[in-house]
1. Are any residues in segment 38-74 under 22 Å from Ala115 (Cβ atoms) and open to solvent by less than 10 Å² (accessible area, probe 1.4 Å), and if so, which ones?
2. In the set Val40, Val75, Val67, Val27, which member is among the β-branched types (Val, Ile, Thr) and closer than 21 Å to Ile169 by Cα?
3. Kindly evaluate Arg78 against the criterion of being at pLDDT 95 or above, touching a Leu at 6+ places or on another chain (Cβ under 9 Å) and open to solvent by 20 Å² or more (accessible area, probe 1.4 Å).
4. Go through the residues of segment 55-72 one by one and say whether even a single one is modelled with pLDDT of 95 or more and not hydroxyl-bearing (Ser, Thr, Tyr).
5. Considering only residues that are among the small types (Gly, Ala, Ser) and assigned to a loop (DSSP other than H, G, I, E, B), look in segment 32-71 and name the one that is farthest from Arg13 (Cα to Cα).
6. Could you please tell me which pairs satisfy a Cβ distance under 6 Å, a separation of 6+ or placement on different chains, a first residue in segment 126-145 that is in contact (Cβ under 8 Å) with a residue 12 or more places away in the chain and farther than 12 Å from Val16 by Cβ, and a second residue that is crowded, with 20+ Cβ neighbours inside 10 Å and aliphatic (A, V, I, L, M)?
7. Does Arg26 qualify as being within 17 Å of Leu159 (Cβ to Cβ), at pLDDT 95 or above, open to solvent by 60 Å² or more (accessible area, probe 1.4 Å) and of a type outside the set (Ser, Thr, Tyr)?
8. For residues in segment 154-178 being among the small types (Gly, Ala, Ser) and modelled with pLDDT of 90 or more, which is farthest from Val16 (Cα to Cα)?
Amino acid sequence: MPLSPQTLDETDRRIVAAWAADCAERVLPLFETEAPENGVPRDAIARARGYARGERTAAEEIKRRFVAGRAAHAVTGRAAVAAARAAAQAAGVAHMGAHALGAAAYAAQAAALGAPDNPRAFDDELEWQLSHLGVPARAALRRLPRLGEDPSGPLGSGLLTTGRLGEAIRSLQSRLDAG
């Protein structure tokens with residue numbers, strides 16, 4: 001059975017894993033403020049970086065891909081939950097490259113939830129994310145199917161296609177296509 005186009009090849013996954021980790025790390029304080037003793041999201045980001053550097057294999061990360069997501073249950077604040085999910089999505093890039101866009105979307109959502117008095121927080125976070133994408137990462141992310149076009153992964157018909165998460169991914173993909 002062929003891999004989903006959302007998987008990306010290993011070289012591309014390693015490239016976008018570093019960017020996904022950067023996106024998640026920017027909002028990590030929103031989680032750590034609420035649960036300073038819980039190092040699971042920070043570990044997930046470190047694992048994503050290790051994978052990006054070639055220090056971890058996809059197989060070992062696939063086995064651990066759900067660990068980081070459980071940290072979202074350790075907090076109650078919506079910004080903290082979104083920050084934990086951003087870290088989990090970053091760790092999931094070793095399994096499927098499309099999780100990089102999930103990490104970015106959750107980070108933008110966390111930034112907006114963490115700054116309710118700043119109506120630009122969501123857009124500002126997306127701008128930062130795009131400004132920190134290198135040429136190889138841009139090219140890799142452009143290889144992903146558009147949100148909702150391919151049902152075999154996180155960009156299918158699930159949670160990432162709706163609400164602010166879907167808005168973030170659509171915005172990122174349209175801006176990547178534009179240049």
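1. Across segment 38-74, the qualifying residues are Pro41, Ile45, Ala71, Ala72.
2. Answer to the check: Val27.
3. Yes; evaluated as a whole, the condition is true for this residue.
4. Checked against the condition, which is being modelled with pLDDT of 95 or more and not hydroxyl-bearing (Ser, Thr, Tyr), segment 55-72 yields at least one hit.
5. The extreme case among them is Ala35.
6. Listed pairs, sorted by first residue: Leu126/Ala108.
7. no
8. The selected residue is Gly163.
The values are calculated or read from the model by the stated rules, or taken from the named source; none is laboratory data. Remember, it's a predicted structure, so these values are computed and weren't measured experimentally. Virtual Cβ from ideal backbone geometry, glycine too; neighbours counted across all protein chains shown. Ligands, DNA and RNA are excluded from the accessible area calculation, which covers all protein heavy atoms including side chains. Shrake-Rupley method; radii C 1.70, N 1.55, O 1.52, S 1.80 Å.
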